[in-house]
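The values are calculated or read from the model by the stated rules, or taken from the named source; none is laboratory data. In this text, all values refer to a predicted model and were calculated from it rather than measured experimentally. Note: ideal-geometry Cβ built from the backbone for every residue, glycine included; neighbour counts use all protein chains shown.
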Amino acid sequence: MHQIEIKSANAFYEKLHVLKNIDLNVDKGEIVSLIGPSGSGKSSLLKMLVGLLIPKSGKIFLNKTLINFHNQSDLRNIREQIAIVFQQYNLFQNMNVLKNVCIAPTKIQKRNPKEVNEQALYLLEKVGLQDKLKSYPDELSGGQQQRVAIARALCLNPQILLLDEITSALDPELVKEVLDTIRLLASEGMTMLIVSHEMNFVKEVSSRVVFMDDGSIIEINSPKNIFEKPSEKRTLDFVGKILKEK
Amino acid sequence: MERLIEEIPNFFTIWNVIFLAKAMGVTFLLTAIGCLVGFSVGGLLAIFRKTKSIYLLPIRIFIIIYTEIFRRVPFLVSLLLFFYVFQIIKISDNLFLIATITVCIIATAYIGEIIRSGIESINQTQWDAAAAMNFSYYQTLREIIFPQAWKVILPPAFGFFIMFIKDTALASQIGVMELTFAAKILNNKGFSPLLSFGTILILYFILSFPLDRFGKFMEKKLASNRN
Amino acid sequence: MGYTLVYTQVLEFLPYLIKGAWISLQIAILAFFGGMFFGLILATIRTFGNKVSNKIVICYVTFFTNTPQLVQIYFLFFALPEFGILLSPYIAVLLGMTLNAAAYLCEIQRAGFLSIRQNELDAAKTLNFSLVQQVKYVILPHIMRVLFPPLSNHYIIMTLGTSMAAIFGVEELTGRAFNINSETFRSVEIFSLTALIYIVITFIATFLLAVIGRYFFKAKIRIIQ
Ligand SMILES: Nc1ncnc2c1ncn2[C@@H]1O[C@H](COP(=O)(O)OP(=O)(O)OP(=O)(O)O)[C@@H](O)[C@H]1O
Ligand SMILES: [Mg+2]
């Protein structure tokens, strides 16, 4: 079953045509990776899925239901099911780590504070931040902030997780940890869309890889194919460049 | 000079001291009420100004016009305008009330702007994160934006309080018994202008200086905290 | 209510009021540039001076920014004659506004000086700029970009401040409104019209300043906040 269906979606930042005719289906429990050069619109695609960038045309279905992005209750509905980890982490600067993780589940989802607190502690321990609970975001390194953001997203118990460059600020050891976490989540049936520059990571976890360039999807292929024998020339150029850098 | 020294004991009689203290109280009260109302109503204006809903568009336009007008008309002119409007509609001829209302209306326009630019100083990422987690506009303001923005709002707000202590001097023009009017009365009674106006200059300074210091201190403290 | 607003009589005085607005403009511009000049001197002393001169400037600024301009002018106008110095209303207002502006503009300009020191000088030095080149290509453009918005803002505040001159009998915009008021008693009409003229002239000023700021100094000023 397609959990997310995007049909020829177009989106703009004022005049900039940032997403062009996007067609993409994501099945339940699937891990789809987005790759592509800087500025190609990967983050924008994720933002569109949580309604931070409103598509101008096209159709987007979530669990077979058409989403009306101008309807508040539709927006609320998709945001209940989809959680996002931003590229810039976007932690709340006025709250400590624990509060960052707990605020939405308690204040917005109105769940039992005690139960939320327990889950938050568990998640923060899993990402190795149990001794940073009372720290504020500006006292944390980039990688630490990233892990708080991951815990914050998971604590919302979403069905779908959008991860934007979550490995970019992590050292290799942590990448492995995060990778394990993601695999575990996948085995529990969580659907994931992951933006990454880390090709090994992409190769290992994803069921399919989407290559984007200049706002369009150029190619969707299996991870093996996209790195070894891509069907598009632009994909080949991009993959070649990235592999050479390594 | 000699005349001045001779005059001083006559000037600082108990009656005059009480008279000036009362006037100082009026100046303080005018400012305090104006700033309090300005902060609450101005805060509301700023909140409505940043809404997106199409239904609130008329309110947003009204707010823009309101703030633009009252920040572009001299305090003295607004004061006289309200003074004469009140005479026509005959609601009240209480001069203190008229001055207070004028002060509140103008303070609301200025402080509303200060609060709005404080809200705008907060990074868009904070709004995005909140929206993605289903925070409503008001929840975002309460939980995330204002707890961060007050540091940006307070220093200019203090500058504004001081400006208002000084601007209330203009209320003397419609006859409100505040410090400046008191000095004019003393001057008319035959006390030397040097003494009358010199004294209230000092009294204004006493009202304003602590606020000025406190505002600057806070500005420094908040600036160093942030990095 | 028993009172109807009638603007016909008042509108006849429009040219008279507009001429008054010119005088307001004159006072604002003279006081502004006078204040800029004195403020620059004060700011220079404050930046490069010794301890004693610093203290004097600080006292000056603190005194003038913490007392009302109106009372300062009262003082000049009524108290100075005791020392044998008689000022005409126009001069008293101009002097008071200039002294007052100097205090504020000193602070603004000093902030501009301070912002340059930390920022771009090092970059210029590593690029081997001569001193003249440093001033011309780095320091001045930077200072102007930083200073232009707060200076423009203060100019608008000063334009509004000129209405105080009316209290001393200067026949600028508000002063002329006083005159018409005592002739016609159409008070609400007169003062609303006067308010409108102030709105128009400050809008024009903001607009011109925004254009100048944008094209010459790359400084961004919003016309409507
Ligand atoms: N809020 C915004 N307003 C205007 N333009 C934007 C905004 N966010 C992104 N853009 C522009 O949209 C385009 C796509 O940006 P996006 O962030 O989606 O790229 P990306 O693929 O995530 O890049 P990167 O790999 O560098 O993160 C870029 O040209 C960017 O400049
Ligand atoms: Mg991105």
Condition broken by C:ILE224, with the remaining ones in (1) among the β-branched types (Val, Ile, Thr); (2) away from chain B (no Cβ under 14 Å); (3) without any contact (Cβ under 8 Å) to a residue 24 or more places away in the chain satisfied: (2)
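Going residue by residue through region C:59-73, is there one that turns out to be farther than 26 Å from B:MET163 by Cα and assigned to a helix (DSSP H, G or I)? Spell out how you get there, then give the answer.
So in region C:59-73, the residues farther than 26 Å from B:MET163 by Cα come out as none.
No, the conditions are met nowhere in region C:59-73.
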Can you confirm whether B:VAL77 is farther than 26 Å from B:ILE153 by Cα, modelled with pLDDT of 95 or more and surrounded by 13 or more Cβ atoms within 10 Å (Cβ to Cβ)? yes
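Going by what's in this entry, would A:ILE108 be described as more than 16 Å from ligand 1 (Cβ to nearest atom), within 14 Å of another protein chain (Cβ to nearest Cβ), over 13 Å from the mean Cα position of the chain (by Cα) and farther than 18 Å from B:ASN123 by Cβ?
yes
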Counting only residues in region A:156-208 that are at pLDDT 80 or above, within 16 Å of ligand 1 (Cβ to nearest atom) and aliphatic (A, V, I, L, M), the one surrounded by the fewest Cβ atoms within 10 Å (Cβ to Cβ) is identified as A:MET199
Taking region B:193-227 and keeping residues under 24 Å from the mean Cα position of the chain (by Cα), of a type in the set (A, V, I, L, M) and within 10 Å of chain C (Cβ to nearest Cβ) leaves B:ILE200, B:LEU201, B:ILE202, B:LEU203, B:ILE206, B:LEU207, B:LEU211
In this structure, is B:GLN139 more than 25 Å from B:ASP212 (Cβ to Cβ), modelled with pLDDT under 95 and surrounded by fewer than 18 Cβ atoms within 10 Å (Cβ to Cβ)? no
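Select, from A:LEU19, A:LEU34, A:LEU45, the only residue that is near ligand 1 (Cβ under 9 Å from one of its atoms) and under 23 Å from A:SER73 (Cα atoms). Give the derivation first.
Values: A:LEU19 fails: under 23 Å from A:SER73 (Cα atoms); A:LEU34 fails: under 23 Å from A:SER73 (Cα atoms).
Answer to the selection: A:LEU45.
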Limited to region A:19-43, what total is found for residues that are in contact (Cβ under 8 Å) with a residue 40 or more places away in the chain and of a type in the set (S, T, N, Q)? 4
Positions within region A:212-238 being buried (at least 18 other Cβ atoms within 10 Å of the Cβ), more than 21 Å from the chain's Cα centre (by Cα) and either polar (S, T, N, Q) or part of a helix (DSSP H, G or I) (or both), in sequence order: A:PHE227, A:THR235, A:PHE238
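Could you list, in sequence order, all residues of region B:67-82 that are among the hydrophobic types (A, V, I, L, M, F, W, C), at the interface with chain C (Cβ under 8 Å from one of its Cβ atoms) and part of a helix (DSSP H, G or I)? Spell out the reasoning first.
Kept after step one, since they are among the hydrophobic types (A, V, I, L, M, F, W, C), are these residues of region B:67-82: B:69-70, B:73, B:75-77, B:79-82.
Next cut, at the interface with chain C (Cβ under 8 Å from one of its Cβ atoms) only: B:69, B:73, B:75-77, B:80-81.
Correct list: B:ILE69, B:PHE75, B:LEU76, B:VAL77, B:LEU80, B:LEU81.
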Mind checking whether some residue in region B:33-43 is more than 26 Å from C:GLY175 (Cα to Cα), free of Cβ contacts under 8 Å to residues at least 60 places away in the same chain and in a helix (DSSP H, G or I)? yes
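Yes or no: region B:120-130 includes at least one residue that is part of a loop (DSSP other than H, G, I, E, B), without any contact (Cβ under 8 Å) to a residue 60 or more places away in the chain, more than 8 Å from chain C (Cβ to nearest Cβ) and buried (at least 20 other Cβ atoms within 10 Å of the Cβ). Outline the logic, then answer.
First, pick out the residues of region B:120-130 that are part of a loop (DSSP other than H, G, I, E, B): B:121-123.
If we keep only those that are without any contact (Cβ under 8 Å) to a residue 60 or more places away in the chain as well, we get B:121-123.
Then keep just the ones that are more than 8 Å from chain C (Cβ to nearest Cβ); that gives B:121-123.
When the remaining residues are screened for being buried (at least 20 other Cβ atoms within 10 Å of the Cβ), the result is B:122.
Yes, the conditions are met somewhere in region B:120-130.
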Is it true that A:LEU52 is away from ligand 1 (no atom under 16 Å from the Cβ), crowded, with 18+ Cβ neighbours inside 10 Å and without any contact (Cβ under 8 Å) to a residue 60 or more places away in the chain? no
Considering residues that are among the small types (Gly, Ala, Ser) and either without any contact (Cβ under 8 Å) to a residue 12 or more places away in the chain or not in a helix (DSSP H, G or I) (or both), the number found within region B:83-112 is 1
